[in-house]
Number of protein chains: 2
Amino acid sequence: MSVLQEINPNVRNMKQLEFVVLVRRASQIREELTQGVRKSYKDMIDVSGGDPHRAGVKPLSFVRQVLASCFYPQLMNSNELPVDVRQRAQKLLRGCGGGSVGAYTNTAGISEIVESISEFITRRDGGAQSNPENIYISSGSQWSLTNLLRVLVNNESSPITGVLTPAPCHVSTTLSIMGLGAHIIPYYLNEEQGWELQIEELHRALESAKGICNPVALYVINPGNPTGHVQSRKSMQEVIRFVSEKKLFLLADEVYQDCVYGEKSEFVSYKRVLAEMGPPLSDTLELASFHSASKGPMGECGLRGGYVELVNVDPDVMKYVYTVFSTDTCAPATGQLALDLMINPPQPGDPSYPLYREETQHIRTTVVHNVKRALEVLNSLPGFCCQPVEGGAFAFPRVHLPPKAIQKAKEVGMQPDTFYCMRLLEEAGVLVSPGYEFGQKEGTHHIRFCIMTTVDTMEELLRRLSSFHTQFMKDFS
Amino acid sequence: MSVLQEINPNVRNMKQLEFVVLVRRASQIREELTQGVRKSYKDMIDVSGGDPHRAGVKPLSFVRQVLASCFYPQLMNSNELPVDVRQRAQKLLRGCGGGSVGAYTNTAGISEIVESISEFITRRDGGAQSNPENIYISSGSQWSLTNLLRVLVNNESSPITGVLTPAPCHVSTTLSIMGLGAHIIPYYLNEEQGWELQIEELHRALESAKGICNPVALYVINPGNPTGHVQSRKSMQEVIRFVSEKKLFLLADEVYQDCVYGEKSEFVSYKRVLAEMGPPLSDTLELASFHSASKGPMGECGLRGGYVELVNVDPDVMKYVYTVFSTDTCAPATGQLALDLMINPPQPGDPSYPLYREETQHIRTTVVHNVKRALEVLNSLPGFCCQPVEGGAFAFPRVHLPPKAIQKAKEVGMQPDTFYCMRLLEEAGVLVSPGYEFGQKEGTHHIRFCIMTTVDTMEELLRRLSSFHTQFMKDFS
């Protein structure tokens, strides 16, 4: 086992992340700044991930008060915390073994919270039934997806299993699929049409897979990451019909469901659209829908809480889903509690409601403002072009790099957009992700950055980016 | 994908847990008790897992005060919490993105905590060097092990990859190995010798694998789960020489390192023993050592924090270890903070020290008492025989079931010890795990229960078990 050649070939085939070199350099620069090395910036702006707290967004008081009380129940003895905070903490602790967040939970999660999630889904989807037995809480939604793929990907099939995956697509999904030895069948989203998913492209992609792999599933993410596109009901109906016709499993990543900013955009779940389409589709199409405590105004990424709801999956297969999830014992209790707080926020009349409303509205207003400003600035910079950001946590502008920059990147052994990001990091102290990581049409280049920041951070980011970009284009003209 | 036959055959080969039927029934009984159904017991005692808080052990105040302060930093403005609690919370938050536990961390964990772990290991191992770059924090140690197995298990090799695994062995490890399509090569621990690992048995097991699989790794767990055995230095040296000679990777599960109760027992890490053996062994043997925040006096299972340290692994392979860990983004921040608090507890002179010392000593005294009482009672019951419990979190007594009971179990389609556990649950309201789950010598039967409980819980458990067992033996004599 001491040599690379002997390790799991699926793992060996996993794309090595170019982004790692950026992260390493960023952490060196942080160190240099701490040591007083002089640079043209005094701090680093890291908007490479969808990580609102890192970018200065404040946690919600209600969420943190309840969690602190769950950790240290003595806090509930004082009157300093609102009564609904104390009641909620008491209620949540009743679901924990021995009344402690330090106890293991059931494999699928704390029963009371799983039931809450099921009720939330039914409410959200206009009454479409949800069964708690089909819900699994996990240490982040990505982890649910990987576990489900472990069931779906048949390593011994010939040809190998294929999964239809958008391009661009955030990298942890593509890495999971590759790591399991499945083939990625990219379907390209149409950038010129605001990164729309087009059904003809799904047909083309599936056709292209013939003889190469055995497609078993279609992965969609709505609202999009990195694209910021929000799907229309009509588009979702088309996807559902395609998936049914081709006998695929639909993996619907809906973690950004609370992040919709477009004036004409609206989030509708695949489960709801499926239910509306009625039998036989609604009784047969196999669907997994993912949600997370990391996104939305709460943005508790570090707590690691996500869930999957499975629809129309064969009971015999469900047993194995249970077994696979059970190998990791359970999701972190804190992430589970966070899910409960996300789906059952304070209601009008509750003592915590006014502050909760103020804080969430502030975040929403800020993000809408950030999106507007980012689009204004980006689309005014020569060489930049950014599609509308209707939802999600990111802007994903295209950057038209000059041939001399592309040549220079080649010389230093980097992808052109990684090269651009590295210069941006070095010269302006801004960490963003290169489009190459996500998959993009040959010859196009992009950057991705988080729009869930404070207004000040966004303004400073856009100022640094504009000034850097102008100089970069001059240097390589 | 709608039928079982189409799913991943490795997953299909995963043993379905008989234990699940016990857990289901336990949760029905809990429900019945809540609804006032009359039984001979008024509450359930669940000692099936290694879950101290569930079994009534209280969380450590220092740990919970710091974590609550990290969640709700306003708590640090009051003087109600000790100053070292506030200082520690401030220090920990400085390592979090944006000063929030809600931010993603690096893939390997919060850098400051990874460095703390590395210093802890060096201290623990008498100065043997530890490099922070070889440490990965994860959502529980089991998760690190699965990730590492994902790198080690080569699905395409012929014959398939094999992993030497103890029998008995706790089930999540064996499930992980099976789920990845590797072959389990059981080596039997010697019950009559206190569940000692005997080197001749390793040779026999390896020999038996010839032609069936390609053995790449040896998994050991010390102190043992479920056995409670603590390995001697001499035994560890033998294991290291065996692993080196057979060119295996050594997976050392050391999560119970703080749980040693035997008067003559002492925990020594494999890393330390390896370092003491000197070159060439200490420079070449590939080792992974696992530790966890779930075990020991802290017992914060629900927070999901564990880590692995890798030793002598090829740098080319390490890159893929990083990639595999990165697919799940990062471990929960709370679990990471808990690890820091575990390895850097309050020191003499700190305001929190007296209470911390009192609480941990109370837990230790309680467990030592519980072990003594459990052994006394079990070994006085006809048909029971329990080896000394030198460490870990469990007693794993052998139970000699009467032929009539074995016959009855067969009739109802259960393993004999599952049948015994089901009756114990039904009639006495006590949930323990059947030995069948762990692997045991043909014709032997065991039960496993947690010894990290309060004194009252242990006394009540032993009272119910004695009375049930006496009646059971009578019924099936």
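The values are calculated or read from the model by the stated rules, or taken from the named source; none is laboratory data. Worth saying up front: this structure is predicted, and the values here are computed from it rather than measured. As a convention, Cβ positions derive from the backbone with ideal geometry for all residues, glycine included, and neighbour counts pool all protein chains shown. Protein only, heavy atoms only, side chains kept; ligands, DNA and RNA dropped before computing areas. Shrake-Rupley method; radii C 1.70, N 1.55, O 1.52, S 1.80 Å.
Every residue in the range A:61-76 that is of a type outside the set (A, V, I, L, M), free of Cβ contacts under 8 Å to residues at least 12 places away in the same chain and facing chain B (nearest Cβ under 8 Å), please. Write out each step before concluding.
Our first condition is that a residue be of a type outside the set (A, V, I, L, M); within the range A:61-76, this holds for A:61-62, A:64-65, A:69-74.
Checking which are free of Cβ contacts under 8 Å to residues at least 12 places away in the same chain leaves us with A:64, A:72, A:74.
Across the range A:61-76, the qualifying residues are A:64, A:72.
If a residue has to be at positive phi and surrounded by fewer than 20 Cβ atoms within 10 Å (Cβ to Cβ) to count, how many in the range A:189-210 make the cut? Can you show your working first?
As a first pass, look at the range A:189-210 and keep what is at positive phi: A:194-195.
Now restrict to residues that are surrounded by fewer than 20 Cβ atoms within 10 Å (Cβ to Cβ): A:194.
Matching residues across the range A:189-210 total 1.
Within the range B:330-421, which helices (runs of 4 or more DSSP H) (wholly inside it) include 1 or more residues that are farther than 25 Å from residue B:60 by Cα and in contact with a helix residue (DSSP H, G or I) (Cβ under 7 Å, 6 or more places away or on another chain)? Give the steps one after another, and end with the answer.
On the way: elements: B:333-343, B:353-380, B:403-411.
The qualifying helices (runs of 4 or more DSSP H) are B:353-380, B:403-411.
Can you name the residue in the range A:260-296 that is more than 23 Å from residue A:321 (Cα to Cα) and within 14 Å of chain B (Cβ to nearest Cβ) and, of all such residues, is surrounded by the most Cβ atoms within 10 Å (Cβ to Cβ)?
A:294
Answer with yes or no whether residue B:314 is within 25 Å of residue B:271 (Cβ to Cβ), among the charged types (D, E, K, R) and open to solvent by less than 10 Å² (accessible area, probe 1.4 Å).
Details: within 25 Å of residue B:271 (Cβ to Cβ): yes; among the charged types (D, E, K, R): yes; open to solvent by less than 10 Å² (accessible area, probe 1.4 Å): no.
Considered against the rule, which asks whether it is within 25 Å of residue B:271 (Cβ to Cβ), among the charged types (D, E, K, R) and open to solvent by less than 10 Å² (accessible area, probe 1.4 Å), residue B:314 comes out as no.
Residue check: is residue A:366 modelled with pLDDT of 95 or more, under 30 Å from residue A:108 (Cα atoms), in the same structural domain as residue A:396 (by TED's automatic domain parsing) and open to solvent by 10 Å² or more (accessible area, probe 1.4 Å)?
Numbers: modelled with pLDDT of 95 or more: yes; under 30 Å from residue A:108 (Cα atoms): no; in the same structural domain as residue A:396 (by TED's automatic domain parsing): yes; open to solvent by 10 Å² or more (accessible area, probe 1.4 Å): yes.
Answer is no for this residue.
On the basis of being of a type in the set (Ser, Thr, Tyr), within 18 Å of residue A:42 (Cα to Cα) and touching a strand residue (DSSP E or B) at 6+ places or on another chain (Cβ under 8 Å), does residue A:457 make the cut?
Working: of a type in the set (Ser, Thr, Tyr): yes; within 18 Å of residue A:42 (Cα to Cα): yes; touching a strand residue (DSSP E or B) at 6+ places or on another chain (Cβ under 8 Å): yes.
The answer is yes for residue A:457.
Conditions: (1) in a helix (DSSP H, G or I); (2) in contact with a strand residue (DSSP E or B) (Cβ under 7 Å, 6 or more places away or on another chain). Residue B:272 meets all but one. Number of the miss?
Of everything listed in (1) in a helix (DSSP H, G or I); (2) in contact with a strand residue (DSSP E or B) (Cβ under 7 Å, 6 or more places away or on another chain), residue B:272 misses just condition (2).
Which residue out of B:111, B:69 is of a type in the set (S, T, N, Q) and assigned by TED's automatic domain parsing to the domain that holds residue B:306?
Numbers: B:69 fails: assigned by TED's automatic domain parsing to the domain that holds residue B:306.
None of the others qualify; the one that does is B:111.
How many residues does the range A:297-327 contain that are more than 16 Å from residue B:15 (Cβ to Cβ), within 7 Å of another protein chain (Cβ to nearest Cβ) and in contact with a Ser or Thr (Cβ under 7 Å, 6 or more places away or on another chain)? Full working, then the answer.
Pass one, the range A:297-327, residues more than 16 Å from residue B:15 (Cβ to Cβ): A:297-315, A:317-318.
Remaining after also requiring within 7 Å of another protein chain (Cβ to nearest Cβ): A:299-304, A:314, A:317.
Now narrow it down to the ones that are in contact with a Ser or Thr (Cβ under 7 Å, 6 or more places away or on another chain): A:300-304, A:314.
Of the residues in the range A:297-327, 6 are more than 16 Å from residue B:15 (Cβ to Cβ), within 7 Å of another protein chain (Cβ to nearest Cβ) and in contact with a Ser or Thr (Cβ under 7 Å, 6 or more places away or on another chain).
Looking at the range B:71-122, which of its residues are small (Gly, Ala, Ser) and in contact with a Leu (Cβ under 7 Å, 6 or more places away or on another chain)? Show your work before the answer.
Taking the range B:71-122 as the starting set, the residues that turn out to be small (Gly, Ala, Ser) are B:78, B:89, B:95, B:97-100, B:102-103, B:108-109, B:111, B:116, B:118.
Of everything in the range B:71-122, those that are small (Gly, Ala, Ser) and in contact with a Leu (Cβ under 7 Å, 6 or more places away or on another chain) turn out to be B:99, B:102.
As an exercise: evaluate residue B:86 against (1) within 12 Å of chain A (Cβ to nearest Cβ); (2) farther than 30 Å from residue A:28 by Cβ and give the number of the one condition it does not meet.
So residue B:86 meets the others, but not (1).
Every residue in the range A:161-172 that is surrounded by fewer than 24 Cβ atoms within 10 Å (Cβ to Cβ) and facing chain B (nearest Cβ under 9 Å), please.
A:171, A:172
Go over the candidates A:28, A:90 one by one and state the one that is out of contact with any helix residue (DSSP H, G or I) (no Cβ under 9 Å at 6 or more places or on another chain) and of a type outside the set (Gly, Ala, Ser). Give the derivation first.
Numbers: A:90 fails: out of contact with any helix residue (DSSP H, G or I) (no Cβ under 9 Å at 6 or more places or on another chain).
Answer to the check: A:28.
Does residue A:457 fit the bill of being polar (S, T, N, Q), in a loop (DSSP other than H, G, I, E, B) and outside the structural domain of residue A:225 (by TED's automatic domain parsing)?
Working: polar (S, T, N, Q): yes; in a loop (DSSP other than H, G, I, E, B): no; outside the structural domain of residue A:225 (by TED's automatic domain parsing): yes.
Considered against the rule, which asks whether it is polar (S, T, N, Q), in a loop (DSSP other than H, G, I, E, B) and outside the structural domain of residue A:225 (by TED's automatic domain parsing), residue A:457 comes out as no.
Considering only the range B:128-160, how many residues are open to solvent by 20 Å² or more (accessible area, probe 1.4 Å) and modelled with pLDDT of 95 or more?
Final tally of qualifying residues: 4.
Counting only residues that are under 22 Å from residue B:134 (Cβ atoms), in a loop (DSSP other than H, G, I, E, B) and touching a residue at least 24 places away in the same chain (Cβ under 8 Å), how many does the range B:240-255 have?
Residues of the range B:240-255 under 22 Å from residue B:134 (Cβ atoms): B:240, B:243-244, B:247-255.
So of that shortlist, the ones also in a loop (DSSP other than H, G, I, E, B) come out as B:247-248, B:254-255.
From what is left, the residues that are touching a residue at least 24 places away in the same chain (Cβ under 8 Å) are B:248, B:254-255.
Matching residues across the range B:240-255 total 3.
Look at residue A:215 and say whether it is within 29 Å of residue A:337 (Cα to Cα), open to solvent by 20 Å² or more (accessible area, probe 1.4 Å) and within 13 Å of another protein chain (Cβ to nearest Cβ). Step through it out loud before you land on a result.
Numbers: within 29 Å of residue A:337 (Cα to Cα): no; open to solvent by 20 Å² or more (accessible area, probe 1.4 Å): yes; within 13 Å of another protein chain (Cβ to nearest Cβ): yes.
Here the answer is no, as residue A:215 does not meet what is asked.
Just one of (1) open to solvent by less than 20 Å² (accessible area, probe 1.4 Å); (2) within 17 Å of residue A:339 (Cα to Cα) trips up residue A:123, so point out which.
(1)
For the range B:26-60, name all the residues that are facing chain A (nearest Cβ under 8 Å) and farther than 23 Å from residue B:256 by Cβ.
Answer for the range B:26-60, where residues must be facing chain A (nearest Cβ under 8 Å) and farther than 23 Å from residue B:256 by Cβ: just B:27.
Let me spell it out: the conditions are (1) open to solvent by less than 30 Å² (accessible area, probe 1.4 Å); (2) within 30 Å of residue A:319 (Cβ to Cβ); (3) in contact with a helix residue (DSSP H, G or I) (Cβ under 8 Å, 6 or more places away or on another chain), and residue B:186 meets all of them except one. Which number is the exception?
(1)
Would you mind stating whether residue A:448 is surrounded by fewer than 22 Cβ atoms within 10 Å (Cβ to Cβ) and either in contact with a strand residue (DSSP E or B) (Cβ under 7 Å, 6 or more places away or on another chain) or small (Gly, Ala, Ser) (or both)? Working first, answer last.
Numbers: surrounded by fewer than 22 Cβ atoms within 10 Å (Cβ to Cβ): no; either in contact with a strand residue (DSSP E or B) (Cβ under 7 Å, 6 or more places away or on another chain) or small (Gly, Ala, Ser) (or both): yes.
When the stated conditions are applied, residue A:448 does not pass them.
Given the conditions (1) surrounded by fewer than 16 Cβ atoms within 10 Å (Cβ to Cβ); (2) modelled with pLDDT under 95, report the number of the one that residue A:361 does not fulfil.
Only one criterion in (1) surrounded by fewer than 16 Cβ atoms within 10 Å (Cβ to Cβ); (2) modelled with pLDDT under 95 is unmet by residue A:361, namely (2).
Pairs, please: C-beta under 8 Å, at least 6 apart or cross-chain, first residue under 20 Å from residue A:327 (Cα atoms) and at pLDDT below 95 and in the range B:17-33, second charged (D, E, K, R) and in a helix (DSSP H, G or I)?
Short answer, once both residue conditions are applied: B:17/B:437; B:18/B:437; B:19/B:437.
How many of the residues making up the range A:373-400 are among the aromatic types (Phe, Trp, Tyr) and surrounded by fewer than 18 Cβ atoms within 10 Å (Cβ to Cβ)? Talk me through it step by step, then tell me what you get.
Start the filter on the range A:373-400 by keeping residues that are among the aromatic types (Phe, Trp, Tyr), which leaves A:384, A:394, A:396.
The next check asks that each one be surrounded by fewer than 18 Cβ atoms within 10 Å (Cβ to Cβ); those that pass are none.
So the answer is 0.
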